[in-house]
Each structure stands twice: as structure tokens, then as C-alpha cells.
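J.: One structure coming up, written as C-alpha cells, with questions to follow.
The values are calculated or read from the model by the stated rules, or taken from the named source; none is laboratory data. Please read all numbers here as calculations on a predicted model, not as lab measurements. Note: ideal-geometry Cβ built from the backbone for every residue, glycine included; neighbour counts use all protein chains shown. Remember, those area values only see protein heavy atoms, side chains included, never the ligands or the DNA or RNA. Shrake-Rupley method; radii C 1.70, N 1.55, O 1.52, S 1.80 Å.
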Amino acid sequence: MITMHGYMKINKDHRTEFLEKVKDVIAASRAETGNISYNLYENTQEQNHFVMLEEWQDEEAIEIHGKTEHFQNFLKLAQSFLLEAPVIKRIS
């Protein structure tokens with residue numbers, strides 16, 4: 001199993017829109033073959049700071065996910081929400 005953390009700082013003026021749009025990528029990612037879990041959490045001490053916690057079966061599943069239409073669309077859309085580039089950490 002491979003765990004990924006994606007840290008995102010969202011512009012407070014786009015919070016509602018971000019939370020609505022991120023639902024689509026979460027639902028589609030959870031349905032992918034090789035996905036174990038895909039969840040978004042907010043830092044309780046820093047509003048609008050989120051982390052996407054992902055668990056994948058293997059490297060192939062991550063590679064396929066990165067090429068999916070829903071993920072690519074979210075990356076493009078996220079540019080209008082983010083205050084800075086996301087930080088992606090591979091845990092295992």
C-alpha cells in the first residue's frame with residue numbers, strides 16, 4: 001500500500017466553491033481500481049488549510065490516477081482556489 005498526503009491552502013474567498021468542486025474528484029477517485037481510500041480533511045487550527053489523504057494499492061494505481069480526466073480537471077480548476085502550490089508527500 002502507498003499513502004499520499006496532498007496539502008492545500010485555499011483562498012478563503014473560494015472556500016465554498018472549492019468544497020463543492022472537490023466532491024467530484026473525491027467520488028471519482030474512490031471509484032478507481034487500486035484506490036483504498038481518498039479523503040479530505042481540514043486543519044482544525046488553520047482554517048482553509050486542507051490535506052487530501054490517499055491510499056493506493058500500488059504505483060500503477062497512482063500513475064493511472066494521475067492521468068484520469070477527473071484528476072486532471074481538478075488540477076486545472078484548483079489553480080483558482082489555491083494560495084500557493086500544493087505540497088505532495090509520499091508516506092510509504
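J.: Go through the residues of region 68-78 one by one and say whether even a single one is of a type in the set (A, V, I, L, M), open to solvent by less than 40 Å² (accessible area, probe 1.4 Å) and over 14 Å from the mean Cα position of the chain (by Cα).
T.: Checking region 68-78: not a single residue is of a type in the set (A, V, I, L, M), open to solvent by less than 40 Å² (accessible area, probe 1.4 Å) and over 14 Å from the mean Cα position of the chain (by Cα).
J.: Taking the criterion of being within 16 Å of residue 3 (Cβ to Cβ), open to solvent by less than 50 Å² (accessible area, probe 1.4 Å), within 11 Å of the chain's Cα centre (by Cα) and among the charged types (D, E, K, R), would at least one residue in region 38-54 satisfy it? So that I can check it myself, show each step before the final result.
T.: Our first condition is that a residue be within 16 Å of residue 3 (Cβ to Cβ); within region 38-54, this holds for 38-41, 51-54.
Of the ones still in play, those that are also open to solvent by less than 50 Å² (accessible area, probe 1.4 Å) are 38-40, 51-52, 54.
Pick out the ones that are also within 11 Å of the chain's Cα centre (by Cα) and you get 38-40, 51-52, 54.
Within this subset, residues satisfying the condition of being among the charged types (D, E, K, R) are 54.
Yes, that holds for at least one residue.
J.: In addition: Can you confirm whether region 2-20 contains a residue that is open to solvent by 60 Å² or more (accessible area, probe 1.4 Å), in contact (Cβ under 8 Å) with a residue 60 or more places away in the chain and not in a helix (DSSP H, G or I)?
T.: Yes, region 2-20 contains a residue that is open to solvent by 60 Å² or more (accessible area, probe 1.4 Å), in contact (Cβ under 8 Å) with a residue 60 or more places away in the chain and not in a helix (DSSP H, G or I).
J.: Out of region 63-91, which residues are closer than 14 Å to residue 8 by Cα, of a type in the set (S, T, N, Q) and in contact (Cβ under 8 Å) with a residue 12 or more places away in the chain?
T.: Within region 63-91, 80 is the sole residue that qualifies.
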